[in-house]
Amino acid sequence: MLDLSRREFGGIVFGATALAAMPGCAAMPYNWGLGFQTPQDNLEGELQRISGRLPADLNGVLFRNGPAQFERDGVRLGHWFDGDGMIQRFAISDGKIRHRAKFVMTDKRRDEIKADRFLYSGFGFAPPNPKALKSANDLNAANTSVIKIGSEVWALWEGGSPWRVDGDSLATIGRKTFPGEVDGVPFSAHPKQGPDGEIWNFGGFGNRCVIWQLARDGALKNATLIELPSPSLMHDFAVTKNHVVLLMPPLLWSGGGASTLIDQYSWQADKPFQVLVMDKNDLSKRRLYELPAKYMFHMGNAWEDGDGVIRVDSFMFNDSRFATNTARELLQGQYSAPPESNLTMVTLYPDGRARLDALSGIGEFPRMDPRRVGHQHRYTYGISGSGVARWDWKTGRRSRYHYGADYWAEEPVFAPNPNRTGEDDGWVIATVLNTRKARTELSVFDARHIDAGPIATFACPYALPLGFHGIFAAA
Ligand SMILES: [Fe+2]
């Protein structure tokens, strides 16, 4: 039974807190701004093999999403998270890789092409003479991540609906509609799909939040409106076998007359970072934890031990400056060292105690073997400066491959070996922008030996804008 009223969200705009930091790149000697330039639409090309060989068992498609429209009519966008989404499709088969890219034709993009200007105040950018909003979906940029649903990919934002895209041609099919009053309400960019195929997600604004439950084919099973203990701006969440876990940093909605979403929030370092744990079968069964103020975009995974202890790992910052400052400065050509984040385990005990334990080595974009979603994992992969790294929760060690200071590393994605079942039986696929050669490259690593470097490297014939999140869909 749906107990959510769309009217609850009427007139409220919830923007795209995409991304994360690119820490550790304090000195970019080459054309670092290359990743924030608007590409042409409908890109098609075959990647050139630079070194190594693709594994014979690695066949499928890497889909990625990210902002890609940065100017209109001479106006430069003022915040990275507001760019229209472009889907990248890297098809890996028979030792070759073919690339295709296309913008998601959202209502926002169609309206702005027609008007030949930016129309709406969004997450962090307000254009001249902004147009009034009828709903949050008016400014849905569909620019943050993707999930594979049958033959489609859904381009996800966090303040509105998924946008359906054909997984082969990348042609936009239309906005995903859900039955009843739940249609059009926020569906975040970080759904979790466990080994059973069931999809969980959250979406919300202020102290209201929807918990979504979908079947593997995207059909709605349930959507429940809940009240949060604080109006935190959340970007990601986690699930265990039996629980939903919300990490709520003290970046809190304070209203006011600011024209952009992020300016309606304020970082309140004197307030706790809260963690809300809810029973999947009864969301009213809750535990609330409080920890010292931290900011986080992304979680890796969560699981529960037999003794009722819940663990969730996340890259944690000391404050929210990346979202409020850095992502603006990058688009304005200002490069300053981004704030740093460390991979941190949050341990939540049944008696209400909680603790944080950080590993060394800065990083962001945590990913893990998708076969372990909701279950204990040992390895977390991510970017670390201009490189790719693997953190081992058993030994506490990080192994890392460093491309070089003139590279921007993007989120690495784990592709399981279809013929093996071990947690690190698979490959890590990483896209990276080579600013010296002005091209995007794709590297494949043996997941067990990240520090040995890529086992295969391919190069696109062009540079792509830096994106946020991807998935690997096995053939
Ligand atoms: Fe994200």
Selection count where residues are part of a loop (DSSP other than H, G, I, E, B) and of a type outside the set (A, V, I, L, M), scope region 431-460: 8
Of all strands (runs of 3 or more DSSP E) fully inside region 298-389, the set with 1 or more residues that are within 23 Å of Trp200 (Cβ to Cβ) and within 18 Å of the chain's Cα centre (by Cα) is 299-304, 310-317, 341-348, 364-367, 379-383
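Taking region 288-297 on its own, how many of its residues are open to solvent by less than 10 Å² (accessible area, probe 1.4 Å) and outside any strand (DSSP E or B)? Show your work before the answer.
Step one: of region 288-297, the residues open to solvent by less than 10 Å² (accessible area, probe 1.4 Å) are 289, 295-297.
Now drop any that are not outside any strand (DSSP E or B), which leaves 296-297.
Residues flagged as open to solvent by less than 10 Å² (accessible area, probe 1.4 Å) and outside any strand (DSSP E or B) within region 288-297 amount to 2.
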Using the structure shown, decide if Val185 is buried (at least 19 other Cβ atoms within 10 Å of the Cβ) and in a strand (DSSP E or B). no
Close pairs (6 angstrom Cβ cut-off, 6 or more residues apart or separate chains): more than 17 Å from Gly35 (Cα to Cα) in region 449-475, within 16 Å of the ligand (Cβ to nearest atom) and open to solvent by less than 20 Å² (accessible area, probe 1.4 Å) anywhere: Ile471/Phe63; Ile471/Val146; Phe472/Val413
Among the numbered criteria (1) under 18 Å from Arg64 (Cβ atoms); (2) away from the ligand (no atom under 16 Å from the Cβ); (3) touching a residue at least 24 places away in the same chain (Cβ under 8 Å); (4) surrounded by fewer than 24 Cβ atoms within 10 Å (Cβ to Cβ), which single criterion is violated by Pro130? (1)
So which residues in region 156-165 are touching a residue at least 60 places away in the same chain (Cβ under 8 Å) and closer than 14 Å to Asn201 by Cβ? Leu156, Trp157, Glu158, Gly159, Gly160
Right, Gly150: in contact with an Asp or Glu (Cβ under 7 Å, 6 or more places away or on another chain), away from the ligand (no atom under 16 Å from the Cβ) and touching a residue at least 40 places away in the same chain (Cβ under 8 Å) or not? yes
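Would it be correct to say that Tyr335 is more than 16 Å from the ligand (Cβ to nearest atom) and modelled with pLDDT under 95? Lay out the reasoning, then the answer.
Values: more than 16 Å from the ligand (Cβ to nearest atom): yes; modelled with pLDDT under 95: yes.
So Tyr335 passes the test.
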Could you check how many residues of region 187-199 are in contact with a strand residue (DSSP E or B) (Cβ under 6 Å, 6 or more places away or on another chain) and within 16 Å of the ligand (Cβ to nearest atom)? 6
I'd like to check something: does region 166-173 contain any residue that is within 16 Å of the ligand (Cβ to nearest atom) and touching a residue at least 24 places away in the same chain (Cβ under 8 Å)? no
Val312 versus (1) among the β-branched types (Val, Ile, Thr); (2) in contact with a strand residue (DSSP E or B) (Cβ under 7 Å, 6 or more places away or on another chain); (3) over 18 Å from Met248 (Cβ atoms): which is the lone unmet condition? (3)
Kindly provide the set of residues from region 228-237 that are open to solvent by less than 10 Å² (accessible area, probe 1.4 Å) and more than 13 Å from the ligand (Cβ to nearest atom), ordered by number. Ser232
Can you tell me which residues in region 54-90 are of a type in the set (D, E, K, R), in a loop (DSSP other than H, G, I, E, B) and under 30 Å from Ala475 (Cα atoms)? Asp57, Asp84
Residues of region 238-259 being farther than 17 Å from Ser188 by Cβ and open to solvent by 60 Å² or more (accessible area, probe 1.4 Å), in sequence order, are Lys241, Asn242, Ser254, Gly256, Gly257, Ser259
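The values are calculated or read from the model by the stated rules, or taken from the named source; none is laboratory data. Fair warning: this is a prediction, and the values are worked out from it, not measured in the lab. Glycine also receives a Cβ, built like all others from the backbone with ideal geometry; neighbour counts cover every protein chain displayed. SASA here: full protein model, heavy atoms, side chains in, ligands and nucleic acids out. Shrake-Rupley method; radii C 1.70, N 1.55, O 1.52, S 1.80 Å.
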